[in-house]
Amino acid sequence: MIGRTVRLLLIAACLALPAEARRTPPRPTVRLDVLYTSDVHGHLGREAATFLNPEFPPSLGGGASAAGYIAHTRMAVENAGGHVLLFDSGDWFTGTPLGQRTQGRAVIDYMNRQRYDASAVGNHDFDQGRAVAESLAADAKFPILAANLYDTATGQRVSWAQDVAWFDAGPIRIAVLGYITEATPEMAFQKNIAGLEFRPVIDMVPADVARVRARGADLVFVLLHQGLPWAGDLEASYRTVVAREQAGTLRHRGMDAMELARAVPGVDAWFCGHTHQGYNQPWEDPVTHALVFEPYANGSSLGHVTFTLDAATRQITRWETHFDRGALLTLLDEDVLPDTTEDRIIGAQVAESEQDLNVVVGHTEVALQNGPAESALLGFVMADAFREELNADVAIQNTGGVRGRLVPGPITRRALLEVSPFGNGMVLMRVPGGVLRGLIEDRLRGRAAGMFVSGMRVRFDLSRPEGARIVDVTVGGAPLDTTRTYTVATTDYLAEGNSGLDRLRALPPENVDPAGFTDRDVLERWLRRHDPLRIQNDGRWQRVSGAVAHPAAARE
């Protein structure tokens, strides 16, 4: 009875207080805005947004529009007492004349001017060699992060990249870790990454998170050059991850961002890239509650999320996005006013780097797209060009090596650079028929995307067990002879065994003859000979039954 009386007296006393005294004072908060990009691939200049409308594309403002939005956001947030961080997740320059002809310096200079706070390293940042990547890291006025990148000579993390960068948002201490995809050795020329070890991210990040937490990190962010699953339904992808985990078949090496976010507690947010598949809303892991953000590629979008942080608990209490479709802003110049200074600087650089790119080399009467090996006519064109130019029995090309698209009308050298940005050297190989058949089966395993072929016809069934999915395969109209040796036209990149073509790596060097010219050279000459193009799908890579494999978005 006494207890009840005391409670009633306390309630009465509270009700008697003035309203101002009864009101609980608001908890102090800190605002933190994070802007993020990834896979810019040198796309700083104004470009046509053909992905929105191939025939009448709106104009993207590129780096100038991004600069305008960054400056406006930074000023508004900081004037209101908030804090801004600007991140990138790698693949800085391969893909445009501006990026490649300046060996990435134009892009790093731009990032310096925008005051980026940190960036991960991407696999394509080694496309012009390890020395170029190291030089760009030295030129950057912001931390370059690659916590899982080691020097084989010393056994230590490379000296030119950091494992973590530290930032303060008021009283809150933030650790930012960065990782490159461990699959880089399967996607890069070996000479370009000689002496480097790319350790599995899952082997590194749990200990790294524990270490920075022990050093006083209130929040942990990760910049990761690895993306969410290439799928429209992330919930379905997550159910697959859980099923694999329960069955004990979850992969260890090459875990994607969804798998990592589930496997590693203690990370507040992951900012990812590599797959070029943007997500308007972040994926939130149901177990760890980590948020996973990923923008679109090629300078087409900029991500923006606002975190509200509790100053006492030093934790995220809420997050919000700013655009109709979520966290991603498409950088259309009619929506995002370009910064005039950046527009002038970038415009002059682009003009200088693209002086010879408006030359017309052919025409197409049909739309040519990249994409799946079964239907992407652009891949058919490239494989046909390889085979004819090198007078080979067969030609092969990886799906990730064919980019861009060609719309009906004239084809310029600029368009060819978008289609084939890597400029790989051509080779003619002598490949035993048994090895050739094995290559096809390898490209039909798991989530492999197949490959573009010419001179052969492949029919396959994905419902069959792996390693036995070929229904039939012919070369030059005759069944593939496993006892015969065939001439195969391909790129030096694939001849090294990249993109899952490991069997080619085992062939002796005398089976490989360099042609002395690049894939773009071959494509330009072929287009001039076959102008105009009227190519159609001839069923050369045909699925009989089974689920469709997703195309690889990044260079395989």
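Before moving on, here are some points about what is shown:
- Assuming charge only on the beta carbon of Lys and Arg (+1) and of Asp and Glu (-1), the dipole of the chain about its Cα centre is about 1320 debye to the nearest 20.
- Part-to-part distance (alpha-carbon centres) for the range 415-492 and the range 366-398, which is given in Å: 11
- With the highest mean first, a sort of the peptides 432-441, 399-408 on other beta-carbon atoms found within 10 angstrom per residue produces 399-408, 432-441.
- By average C-beta atoms within 10 angstrom, highest first, the peptides 247-258, 35-46: 35-46, 247-258
- Separation of the range 280-330 from the range 171-230 is 19 Å, based on Cα centroids.
- Inverse of mean 1/r across different Cα pairs in the range 17-147, Kirkwood, Å: 16.9
- Per principal axis, descending, Cα span of the range 197-349 in whole Å: 53, 39, 36
- For peptides 168-177, 101-110, 485-494, sequence by mean Cβ density within 10 Å, most packed first: 485-494, 101-110, 168-177
- Cα gyration tensor shape of the range 199-255, rounded if a/c is under 1.5, else prolate or oblate by comparing a/b with b/c: prolate
- Estimated distance in nm for a label pair at Asn358 and His322, the labels positioned 7 Å out from Cα along Cα-to-Cβ: 3.6
- Separation in nanometres of the label points that stand 7 Å from Cα toward Cβ, at Ala367 and Thr308: 4.4
- Dipole magnitude of the range 86-171 about its Cα centre (Cβ charges: Lys, Arg +1; Asp, Glu -1), debye to nearest 20: 220
- Heavy-atom accessible surface of the range 412-548: percent carbon and sulfur, 1.4 Å: 49
- Counted charge near Pro171, where neighbours are those whose Cβ lies closer than 10 Å (Asp, Glu -1; Lys, Arg +1): 0
- Cα pair distances exceeding 33 angstrom across the chain, given as percent: 46
- Helix-only CD estimate at 222 nm, as mean residue ellipticity for the chain, using -39500 (n - 2.57) per DSSP H run (n ≥ 4): -8500 deg cm²/dmol
- Only helices reaching 24 angstrom along their own axis (Cα) with mean Kyte-Doolittle hydropathy no lower than 1.0 count here, and not one DSSP H run of the chain does.
- Global size of the range 135-224 as Cα Rg and Dmax, reported in angstrom: 14.1, 46
- Projecting the Cα atoms of Ser353, Phe271, Gly425 onto the charge dipole of the chain, computed from C-beta unit charges around the Cα centre, puts Phe271 farthest toward the positive end.
- Positive contributions from Lys and Arg (+1) and negative ones from Asp and Glu (-1), summed over other residues with Cβ under 10 Å from the Cβ of Ala64, come out at -2.
- Every Cα-Cα pair in the range 274-354 was counted, and those over 21 Å apart are 48% of them.
- The label point for Thr474 and the one for Asn391, both projected 7 Å from the Cα toward the Cβ, are 2.5 nm apart.
The values are calculated or read from the model by the stated rules, or taken from the named source; none is laboratory data. What you see is a predicted model, and the numbers here were worked out from it, not measured in a lab. Here the Cβ is made from the backbone with ideal geometry for all residues, glycine too, and neighbour counts use every protein chain on show. Quick note on the areas: whole protein, heavy atoms, side chains included, nothing else; ligands and nucleic acids left out. Shrake-Rupley method; radii C 1.70, N 1.55, O 1.52, S 1.80 Å.
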